[in-house]
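Asker: My structure is below; once you've seen it, I'll send some questions.
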Amino acid sequence: MRFFGWKGPSGFSSSSTAEEVTQGIDGTGLTAIVTGASSGIGLETARVLALRGVHVVMAVRNVEAGKNAKEAILKEIADAKIDVMELDLSSMASVRKFVSNYQSSSLPLNLLINNAGVLTPTFMLSQDNIELSFATNHLARESNREGRIVNLSSLSHHHPYREGIRFDNINDQSGYYGGWFAYGQSKLANILHAKELARRLKEEGVEITANSVHPGTNIRTNILRDRSFIKALNNIPGPGKFFFKSVPQGAATTCYVALHPQVKGVTGEYFADCNVANTSSKAKDADLAKRLWDFSLTFTNPK
């Protein structure tokens, strides 16, 4: 569809950029937390939200890199409101410290953009001794703050382990471990979490929406830096552009779901190319979503 510039009901397509989908939208008075905001899609999301008047809090693991990213944005948008705060999503202690510091700042929170993620080719554990992809890409996103919540998922959610979520052996290094399957599992978890969170918030009558997005199948970001074939394909000047989205195009769906009036009141959905998209059958499984919620609480609740 991307080759033909197909536009969905929203009026946008896979070739739309983050600036295009937020054109004319005034985000003044809104505050957003963007995780993983020092590079790639996170940085572009932070830049475009700041361009639209949103007060952006860049939640980053490397504070120095975050400060450099902030300075780059300020050179373009002199009046941008940007703060940098440390957040290591592989550590629940860091997540709790970030939340405490944020609450102490007295800043409101209208948008939570769960952008940061990792893809690890070999088995690795987080600081809390939880498989790294699951810990970083899913567990650190267990939140129900006010406003719009956007989980960055992926088309890879169609390709998790056979059972979907390996509840019984998340940390079983002795069994088969596949980096792409583990990544697909975490991306499936992002969608299930958004759906279950949306259900619970609606049940409580809270005006908070929770959605998940697929930024694009192939985007020129660091998450694929270890994949030599993809890197080589990306470096081909001509054909490369047909296989890969640019970062501004990759950030478009996130910014659309975060700011656009068309998404007001829409919750529990999965978006791709700035339009509601279909998911795998596992991502539609309400019982699986509830089970994942309860399973996640065993890791995220303070001991």
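Rule-based calculations on the coordinates, nothing more; no lab input. Please read all numbers here as calculations on a predicted model, not as lab measurements. When we count neighbours, we look across all protein chains shown, and the Cβ atoms used for this are built from the backbone with ideal geometry, even at glycine.
Asker: If packing is taken as the average number of other Cβ atoms within 10 Å across a peptide's residues, how do 252-258, 6-12 rank, most packed first?
Answerer: Those peptides, ordered most packed to least, come out 252-258, 6-12.
Asker: Based on other C-beta atoms within 10 Å, arrange Val84, Val60 from fewest to most.
Answerer: Val84, Val60
Asker: When Arg61, Arg200, Arg96 are ordered from fewest to most other Cβ atoms inside 10 Å of their Cβ, what list results?
Answerer: Arg96, Arg200, Arg61
Asker: Among Glu71, Glu196, rank each residue by its count of other Cβ atoms within 10 Å, from fewest to most, as a rough exposure measure.
Answerer: With the sparsest Cβ surroundings first, the list reads Glu71, Glu196.
Asker: For a 19 Å ceiling on Cα separation, which of these pairs sit above it: Lys7/Lys202; Lys202/Lys264; Lys70/Lys97; Lys75/Lys97; Lys7/Lys195; Lys195/Lys264?
Answerer: Going by Cα-Cα distance, Lys7/Lys202; Lys70/Lys97; Lys75/Lys97; Lys7/Lys195 fall outside the 19 Å limit.
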